[in-house]
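Worksheet for the structure shown next.
Derivation of every value follows stated rules applied to the coordinates shown; laboratory data play no part. Small disclaimer: the values here were computed from a predicted structure and weren't measured. All Cβ positions, glycine included, derive from the backbone under ideal geometry; neighbour counts span all protein chains shown.
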Amino acid sequence: MPILNLSAEDDIYYELIDGDPAKPCLVFLHEGLGCCAMWKDFPAQLCQATGCRGLLYDRLGYGLSSPLPGRRQLHYLHDYALRELPQVLEWLIPGQDHFVIGHSDGGSIALIYAAQQAPRLRGIITEAAHVFVEGMTLDGIREAGLAFDAGKLRALATYHGDKTQAIFKAWSDTWLSYGFRFWNIEYLLPSIECPALVVQGSEDQYGSAAQVESIVAQALNAVPAMVEQCGHTPHQEQPQALLALMQGFLQGRMDAAPHLSRSPSPS
């Protein structure tokens, strides 16, 4: 089992998908209750369609990686984006150009990471990302909590094992806490200069089109893509439509010159 040792206590499970080493690597970031296995075969299909290599990993607390080291903090998405993700990239694809593809929490992590303008980042794709907290998001999480307590989400244990209770409560309790209702990363969006494809299902139960509108309006090079007849997980609900969207975005930018940050305006 491929494991990356970030520290004596923190092990990260990862998977690599073969592809052309001359092309950018596609880095997949799972959702708030996800892991590598829950992407199913979508990453492999996208890598095959584009010819790119792929990298998936379970963030700390998820899947086959180590449990959460302690209580989750309000800035947990920043921690994953600015600490864990750069370490994983440095160890597993050092010095390689890459695109980051993130679903839900993974999409928000991709946005935070992109705002740092990493020199090897060629672009991002977000799928159902959040940049602020909506009432409908909290309603959806409350409903998920009731289902979990009623034993209706037992399938999660297939992926997270004895960490299932801890990771579910870390997700739900954090988002439903009083302080987190003020969480907002819109201030970062104007710093995102790389190309961005912003995807969301038209019937997403965890977020409205206002999330997409905010990202596209404030990031410097972002385009929207609403997927019709689709909820929170487009890569599972409308996989062929999403493959076409992502393939077109990636191929249109792989042949372009790598992104360079804007030079300061002359004074």
* Could you please tell me the mean projected area of the C-alpha convex hull for the chain, averaged over all directions and given in square nanometres to one decimal? => 14.6 nm²
* To do: Please quote Rg/Rh for the stretch 175-247 to two decimal places, taking the Kirkwood radius as Rh and restricting both calculations to Cα atoms.
  => 1.01
* Would you calculate, for the chain, the mean residue ellipticity at 222 nm contributed by helices, counting each DSSP H stretch of 4 or more residues as -39,500 (n - 2.57) and dividing by all residues, to the nearest 500? => -10000 deg cm²/dmol
* To do: Rounding to the nearest 20 debye, state how big the charge dipole of the chain is about its Cα centre with +1 on each Lys and Arg Cβ and -1 on each Asp and Glu Cβ.
  => 280 debye
* By the scheme Lys and Arg +1, Asp and Glu -1, what is the net charge of all other residues having a beta-carbon under 11 Å from that of ALA219? -> -2
* Asked: Over the stretch 128-179, one equal point on each Cα, no solvent: what is log10 I(q)/I(0) by the Debye formula at q = 0.13, 0.18 Å⁻¹?
  -> -0.34, -0.63
* With θ set to phi - 60°, apply the Karplus curve 6.51 cos²θ - 1.76 cosθ + 1.60 along the stretch 202-208 and write out the HN-Hα couplings as whole Hz, x wherever there is a Gly or Pro. => 5, 10, 4, 7, 10, x, 9
* To do: Per residue of the stretch 47-63, in order, report the coupling 6.51 cos²θ - 1.76 cosθ + 1.60 (Karplus, θ = phi - 60°) as ³J(HN,Hα) in whole Hz, putting x for Gly and Pro.
  => 5, 5, 5, 9, x, 7, 6, x, 9, 10, 8, 8, 5, 3, x, 10, x
* Binned Cα-Cα distance frequencies in the stretch 127-245 - 10 Å width, integer % -> 13, 35, 36, 15, 1
* In the stretch 3-88, which chymotrypsin sites (Phe, Trp or Tyr not before Pro) fall in coil by DSSP and have 10 or fewer other Cβ atoms within 10 Å? -> none
